[in-house]
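Presented below is the structure to which this report refers.
The values are calculated or read from the model by the stated rules, or taken from the named source; none is laboratory data. These figures come from a predicted structure and were not determined experimentally. Positions of Cβ are backbone-derived with ideal geometry, glycine not excepted, and every protein chain shown enters the neighbour counts.
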Amino acid sequence: MIKVLHCVSNMDRAGIETMLMNYYRNIDREKIQFYFLCNKKKTGAYDEEILELGGKIFYSPGLNPIKAFKYHKIVKKIILENDIDIVHTHNGAFGLQALIAAKSAGVKIRISHVHGTKIDKNLKLPLKLLYKTQLKRFANQFWGCGMEAIKFYFGKKNIEKDNCYLLRNAIDIEKFKYNKEIREKIRNKLKINEEEILIGHIGRFMTQKNHIFLINLFNELLKKYKNYKLLLIGDGELQEKIKKKVKELGISDNVIFAGNIPNTNEYYQAMDFFILPSLFEGLPVVGIEAQTSGLNCLFSDTITKEVDLTGNVEYLSLQDSTSKWIDKIREMSLKKRHIIGNEISDKGYSINIEVKKLEKKYMELLSN
């Protein structure tokens, strides 16, 4: 059996973690088993399911550079004691720490798997930029959710090489296809009437997802059109701040905080339109899910055009005027829903097909 150690923040419901679980549920676990190294000592929403599927969850001391020596020692011990064959990191530039430990432990296949096209600007930026330059020293496989992410982290010259690989954020397509009965059930639960238009957004409450922009935009939209409601799915460190902002603006009756829910596929059915004004993204899983549900989508132009699989996505700059965003929301939210056929699968985002490719890739890497 091939043992793959995936290095993540923690296994909560978020884009990278959801993508991993899509593959994990469908992979041949008699041939390949996933283990998870979490850098936050926090119970994740997927933990119980991972253990039921035969996986293991380990915890590191965290990615603080001050703890680097302790981190390397513990991670190397985990690798050796569990006979790990492949170390597969998902921590962007900070994945370097696990890759160093993996190389020291003699792991043959070391994958740096990147999920972004930008590095957020905070106090850790100088360290992230330094680590980014060292990834190619300690990884020997360079993977990404999209070609733009691979180019950003590893350079244009590397994308034609055999050790670069595009692992698509594939989903269970049938699960997300439009269902009228589910739509009615969820809208009744949320108390959304037929005349109201429900805008949907799914994302962790963090700076990257740009909730402040979204709330201010929605507030202005309501001044012009009263029949809109906004559904926010997710949790995170900025959630209370956003709730406070909504209350201050006096729009609490029109904004629904659904929390971190397991059945997002059902909530897409209730939506009339999907919006994602992120400051940056790699190739967002929610964008694929929303399109599969037949929704028209409006994204900030910081998000890669690779995510437009259906032609039902439009982009605006975060520098564009509020009135331009409002006009576009109004236009797109009144359009009919699309009934999706084979578009998503044809573009390579069916988990049933892509998981077989991943199985083959892991086995080929270890046999070479």
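From (1) over 25 Å from the mean Cα position of the chain (by Cα); (2) free of Cβ contacts under 8 Å to residues at least 12 places away in the same chain, pick out the condition that doesn't hold for residue 263.
Exception for residue 263: condition (1).
Looking at 171, 199, 119, can you tell me which residue is surrounded by 21 or more Cβ atoms within 10 Å (Cβ to Cβ) and farther than 30 Å from residue 226 by Cα?
On the way: 199 fails: farther than 30 Å from residue 226 by Cα; 119 fails: surrounded by 21 or more Cβ atoms within 10 Å (Cβ to Cβ).
The unique qualifying residue is 171.
On the given criteria, is residue 79 farther than 24 Å from residue 13 by Cβ, surrounded by 22 or more Cβ atoms within 10 Å (Cβ to Cβ) and of a type in the set (A, V, I, L, M, F, W, C)?
yes
Could you tell me which residue of segment 209-263 is surrounded by the most Cβ atoms within 10 Å (Cβ to Cβ), considering only residues that are part of a strand (DSSP E or B) and touching a Phe, Trp or Tyr at 6+ places or on another chain (Cβ under 8 Å)? Spell out how you get there, then give the answer.
Within segment 209-263, the subset part of a strand (DSSP E or B) is 228-233, 255-259.
After this cut, where a residue has to be touching a Phe, Trp or Tyr at 6+ places or on another chain (Cβ under 8 Å) as well, the list is 228, 230-233, 255, 258.
On the way: 228: 20, 230: 23, 231: 21, 232: 25, 233: 21, 255: 22, 258: 17.
In this case the residue turns out to be 232.
I'd like to know if segment 221-232 contains one or more residues that are over 26 Å from the mean Cα position of the chain (by Cα), of a type in the set (Phe, Trp, Tyr), at pLDDT 95 or above and not assigned by TED's automatic domain parsing to the domain that holds residue 49.
Among the residues of segment 221-232, at least one is over 26 Å from the mean Cα position of the chain (by Cα), of a type in the set (Phe, Trp, Tyr), at pLDDT 95 or above and not assigned by TED's automatic domain parsing to the domain that holds residue 49, which makes the answer yes.
Scan segment 145-167 residue by residue and report those that are in contact with a strand residue (DSSP E or B) (Cβ under 9 Å, 6 or more places away or on another chain), among the charged types (D, E, K, R) and not in a helix (DSSP H, G or I).
161
When residues of segment 285-309 are filtered for being closer than 12 Å to residue 349 by Cα and not charged (D, E, K, R), how many remain?
Of the residues in that region, 7 qualify.
Keeping to segment 103-129, report how many residues are closer than 17 Å to residue 63 by Cβ and either touching a residue at least 60 places away in the same chain (Cβ under 8 Å) or in a loop (DSSP other than H, G, I, E, B) (or both).
Here the count works out to 9.
Name the pairs: first residue in segment 76-92 and more than 24 Å from residue 124 (Cβ to Cβ), second residue of a type outside the set (Lys, Arg) and loosely packed, with under 14 Cβ neighbours inside 10 Å, Cβ to Cβ under 7 Å, at least 6 apart or on different chains?
If the second residue must be of a type outside the set (Lys, Arg) and loosely packed, with under 14 Cβ neighbours inside 10 Å, the pairs left are 85/366.
When residues of segment 53-85 are filtered for being among the β-branched types (Val, Ile, Thr) and more than 13 Å from residue 100 (Cα to Cα), how many remain?
Here the count works out to 4.
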